[in-house]
Amino acid sequence: MSKMKIVCFGVRDYEVPTFEKLAKQYDYELVLRPEYLSDSCIELADGFEGVMVRGNCAISKENYKRLAEKGLKYYVTRTAGYDHVNVPVLKELGIKTAFVPGYSPNAISELAVSLAMSLLRHTQYDGERTGRLLDFTVSDKMFSKEIRQCTVGVIGCGRIGRTTCGLFHGLGAKVIGYDKFPGQDSEILKYVDLDTLLAQSDVIVCHAAYFAGQNDNMIGANEIAKMKDGVVFVNVARGELVDAKAMVEAVKSGKVEGFAADVLRGEKAVFNHKFNSIDEIPDPIVRDMVKLYPSTIITPHVASATEGALIDMVEVSLKNIDEFLATGECKNSLIK
């Protein structure tokens, strides 16, 4: 019996050895593509029984039908978020689909803490002055708070959010959290309502799940106005959760001292591209964010770019297909 062929999209060079190792372990033939699957390159998925995608891979209803007609049976995403997958269409077409409900929470949490600490201690600013401007003098902006003197607010206290809480607690911060479905208070984390979190936090990290049409711009101008002056805000969840224009204006005014984002609304137009000048960036809000560096830091959706997270994502995706093949069902199926 020949191995199932699965085409995997958005595979970066450093990910190739992991894919190849797991392909042998799970006995699949994996075709690795650096491109994100889109309508403009849909032919790359023609004729495959299985397709594995990541965030920023999105196709039209017509192209889901095209792939079904060409033999597609399994369409899995190696991500926890799945707003880029048209689940109703896949259900209609009888194509099995699944996601990865969790992978190394430390990968996301460690980036969140790193970005927050960079903004709090102004390390990007310091490095810019010494490394690029050759200015080794000490400026007023280098004066910083210590994290143990801060209250850190975490929005979204699931598995990843709680890991972030633990890391900040370990650094000596007071940690409060908001979640739509709060858990029990602990030595590490005290749950509060969102308004209380906004008003009390010196550092805010967003880990909330995104539900299209339900919590878009969860953090907008009204919420920013409730924050402390000089707050540091980090978004490592979804770009749609934060009104980026309002956040940019808050950074310009000094209301927000620092803003970091590993995710952007419409990020596919920016991430995975190299621009020769700021003017080439298609999104004017992103252009403003870049101009505000180092008070704003953008990382190109790399929170999960760790060895541990990659193994989790790819291995669970292949296990999902294994389950479908063995039983016709899968515990991580997106179709209920």
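Return yes or no: is ALA326 assigned to a strand (DSSP E or B) and at negative phi? Lay out the reasoning, then the answer.
Numbers: assigned to a strand (DSSP E or B): no; at negative phi: yes.
When the stated conditions are applied, ALA326 does not pass them.
When you check GLY266 against the structure, is it on the phi > 0 side of the Ramachandran plot, touching an Asp or Glu at 6+ places or on another chain (Cβ under 9 Å) and at pLDDT 95 or above, yes or no? Break it down stepwise before answering.
Values: on the phi > 0 side of the Ramachandran plot: yes; touching an Asp or Glu at 6+ places or on another chain (Cβ under 9 Å): yes; at pLDDT 95 or above: no.
For GLY266, the condition - on the phi > 0 side of the Ramachandran plot, touching an Asp or Glu at 6+ places or on another chain (Cβ under 9 Å) and at pLDDT 95 or above - is not met.
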Residue hits (the range 174-213; free of Cβ contacts under 8 Å to residues at least 40 places away in the same chain, closer than 21 Å to GLU223 by Cβ and touching a helix residue (DSSP H, G or I) at 6+ places or on another chain (Cβ under 8 Å)) are VAL175, ILE176, GLY177, TYR178, ASP179, LEU189, VAL192, LEU194
ILE321: buried (at least 19 other Cβ atoms within 10 Å of the Cβ) and either assigned to a helix (DSSP H, G or I) or not assigned by TED's automatic domain parsing to the domain that holds PHE233 (or both), yes or no?
yes
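The values are calculated or read from the model by the stated rules, or taken from the named source; none is laboratory data. This structure is a prediction, so every number in the text was calculated from the model and none was measured. Quick reminder, even Gly has a Cβ in these numbers, built from the backbone with ideal geometry, and neighbours come from all protein chains shown.
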